[in-house]
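*Asks:* Structure incoming, see below.
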Amino acid sequence: MINVLAKSHQKHSTAHALDHSEDEKDKSCKKRIREVENGTFYPVIFTTKGRRSRKCSLVMKKLVSKIAIKRKQQSYQIAQSISIDISFLLLRS
């Protein structure tokens, strides 16, 4: 999670701050996960206002799709439910 209102992010757009944070997290974790744990890694970065990074949006779409198929519900209902849950989690943090 990043605060786009922090001094370190004020010079850049929100999209640039998200991309930069995503790249940093990707660099720091990807090598270890690929070599040690033999898995894949997608950084999930949110702003304090609830905006998501590019890769986070892709992960959320896949997650929503899989849950919708399993529960036999519409994708928009699952996406709405997950978005509400995340919003409350961000408010509490």
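The values are calculated or read from the model by the stated rules, or taken from the named source; none is laboratory data. Note that the coordinates shown come from a computational prediction; the quantities given were computed from them, not determined experimentally. So basically every Cβ, Gly included, is an ideal-geometry build from the backbone, and we count neighbours across all protein chains shown. Accessible surface is based on the protein model in full, side chains and every heavy atom, while ligands, DNA and RNA are left aside. Shrake-Rupley method; radii C 1.70, N 1.55, O 1.52, S 1.80 Å.
*Asks:* How many Å² of accessible area per residue for the chain, probe 1.4 Å? It would help to have the intermediate numbers written out before the result.
*Replies:* Values: 7240 Å² over 93 residues.
Accessible area per residue: 78 Å².
*Asks:* Okay, next question. Tell me the Kirkwood radius of the chain: reciprocal of the mean inverse pair distance over distinct alpha-carbon atoms, in Å. Walk me through the numbers on the way to the answer.
*Replies:* Values: mean 1/r = 0.0682 Å⁻¹.
It works out to 14.7 Å.
*Asks:* On to the next question. Just name one of LEU5, ILE33, HIS16: the one whose Cα is farthest towards the positive end of the charge dipole of the chain (beta-carbon charges, Lys/Arg +1, Asp/Glu -1).
*Replies:* ILE33
*Asks:* Taking only C-alpha pairs under 8 Å that are 6+ residues apart, what is the relative contact order of the chain in percent?
*Replies:* On the way: 75 pairs, mean separation 21.8, N = 93.
Reported as a whole number, the value is 23 percent.
*Asks:* Could you check the spin-label model distance between SER75 and LYS30? Points 7 Å from the Cα along Cα→Cβ, value in nm.
*Replies:* 2.5
*Asks:* Right, here's the next one. Past the 20 Å Cα-Cα mark, which pairs from LYS31/LYS55; LYS11/LYS31; LYS30/LYS55; LYS7/LYS31; LYS27/LYS61; LYS25/LYS55? Kindly include the intermediate steps, with their values, before the conclusion.
*Replies:* Values: LYS31/LYS55 17 Å; LYS11/LYS31 30 Å; LYS30/LYS55 14 Å; LYS7/LYS31 30 Å; LYS27/LYS61 23 Å; LYS25/LYS55 12 Å.
With Cα atoms farther than 20 Å apart: LYS11/LYS31; LYS7/LYS31; LYS27/LYS61.
*Asks:* Please give the calculated 222 nm ellipticity per residue for the chain, where each DSSP H segment of at least 4 residues contributes -39500 (n - 2.57) and the sum is spread over every residue; nearest 500 deg cm²/dmol? Before the final figure, lay out the partial values.
*Replies:* Numbers: 3 runs with 58 residues, N = 93.
Helix-only estimate at 222 nm: -21500 deg cm²/dmol.
*Asks:* Here's a follow-up. Can you give the extra length, in nm with one decimal, that the chain gains between ASP19 and THR40 once fully stretched, where that is 0.36 nm per residue apart less the Cα-Cα distance? Show your work: numbers first, answer last.
*Replies:* On the way: separation 21, 0.36 × 21 = 7.56 nm, distance 1.86 nm.
Extra length from ASP19 to THR40 when fully extended: 5.7 nm.
*Asks:* Could you give the size of the charge dipole of the chain about its Cα centre, using +1 on the Cβ of each K and R and -1 on the Cβ of each D and E, expressed in debye and rounded to the nearest 20?
*Replies:* On the way: 20 positive and 8 negative charges, 48 e Å.
In total the dipole reaches around 240 debye.
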